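Colleague: I have a structure here, written as structure tokens, and I will follow up with some questions on it.
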Amino acid sequence: PTKPAQAAPAKSAASARAQSPTVAPAQPNPLRDVFFGETHIHTSWSFDAYVFGNTLTGPEDAYQFALGKPIRHPAGYMVQMKRPLDFAAVTDHSEYMGTVRLANDPQSDLSKLPIARQLTVKSKDDIQKVYLFLATTILKNEPIKELVNPEVAGSVWRRVADIADKFYKPGKFTTFAAYEWSS
């Protein structure tokens, strides 16, 4: 009969370290540092996000979340990231950005225009109606003049840029004034 092989005696962690070659700690290299971020974020300013129920969280909320601060999820509960991001770009859809939210805000000038009635979301029935109305104009390349008017679209874009600038912290958190062009 053969004898079972005996295990070699275990080395202590200290003796294993003493026998391994000394490795110098890595030096920081700004050209090869790793940064974590998000470049695809939709808020209530995207017409689809708004009609599908995100009527609460806007670009400021997205940046707060990226910074590791707690925010209210569109479903009503609190959410928070465990580790803040290094950069973020809120990329709401360029088409009709912010207009559905504004049409549903009685304080906005846009809500007082006749087109606002077609963008009002008060019930589940309105979701499909508004979404299909806007999506059809995009697919047919027949933009709604009141919504792409430079006074409306320009004011929304200025606000997007202002919010990105507000949250930009040089060397700590980078923001991008951005959008998703989906046509």
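Colleague: Please give the charge dipole size of the chain, origin at the Cα centre, charges +1 on K and R Cβ atoms and -1 on D and E Cβ atoms. Round to the nearest 20 debye.
Modeller: Once rounded to the nearest 20, the dipole reads 1000 debye.
Colleague: While we're looking at this one, here's another question. Based on the inverse mean of 1/r over its pairs of different Cα atoms, what is the Kirkwood hydrodynamic radius of segment 55-137, in Å?
Modeller: 14.6 Å
Colleague: Do any chymotrypsin sites (Phe, Trp or Tyr not before Pro) in segment 32-136 lie in a DSSP loop with no more than 13 other beta carbon atoms within 10 Å, and if so, which?
Modeller: Filter output for segment 32-136: 35, 36, 77.
Colleague: Greater than 30 Å separation of Cα atoms is the criterion. Which listed pairs, 122/172; 124/172; 69/145; 122/145, meet it?
Modeller: 122/172; 124/172; 69/145
Colleague: Defining a contact as two alpha carbons under 8 Å apart and six or more residues distant in sequence, what relative contact order in percent does the chain show?
Modeller: Working: 234 pairs, mean separation 40.5, N = 183.
Over the chain, the number comes to 22 percent.
Colleague: Largest first, how would 117, 101 line up by accessible area (1.4 Å probe)?
Modeller: My answer, sorted largest first, is 117, 101.
Colleague: For segment 92-165, which whole percent of the accessible surface, found with a 1.4 angstrom probe, sits on carbon and sulfur atoms? Show your work: numbers first, answer last.
Modeller: Working: 2370 of 4510 Å².
Exposed carbon and sulfur together represent 53 percent of the surface.
Colleague: Find which of 153, 76, 138 sits farthest along the positive direction of the dipole of the chain, computed with +1 on the beta-carbon of Lys and Arg, -1 on that of Asp and Glu, about the Cα centre.
Modeller: Going by the Cα projections, it comes out as 76.
Colleague: Take the alpha-carbon centre of segment 57-75, take the same for segment 88-128, and report the distance between them in whole Å.
Modeller: When both Cα centres are located, 20 Å separates them.
Colleague: First measure r as the distance between the Cβ atoms of residue 72 and residue 155, then evaluate 1/(1 + (r/R0)^6) with R0 = 25 Å and state the FRET efficiency to the nearest 0.05.
Modeller: 0.45
Colleague: Can you give the angle from 0 to 90° between the axis of helix 150-167 and the longest principal axis of the chain, with both taken from C-alpha atoms, to the nearest 10?
Modeller: Taking Cα atoms only, the helix is inclined about 30 degrees.
Colleague: A follow-up question, please. When the gyration tensor of the chain is built from Cα positions, what are the square roots of 5 times its three eigenvalues, in whole Å, from largest to smallest?
Modeller: For the chain, the ellipsoid semi-axes come out as 52, 21, 15 Å.
The values are calculated or read from the model by the stated rules, or taken from the named source; none is laboratory data. Computed from a prediction, not measured in an experiment: that's the story for all the values here. Cβ coordinates were reconstructed from backbone atoms using ideal geometry, including for glycine residues, and neighbour counts include every protein chain displayed. These accessible areas exclude ligands, DNA and RNA; they are computed on the full protein's heavy atoms, side chains included. Shrake-Rupley method; radii C 1.70, N 1.55, O 1.52, S 1.80 Å.
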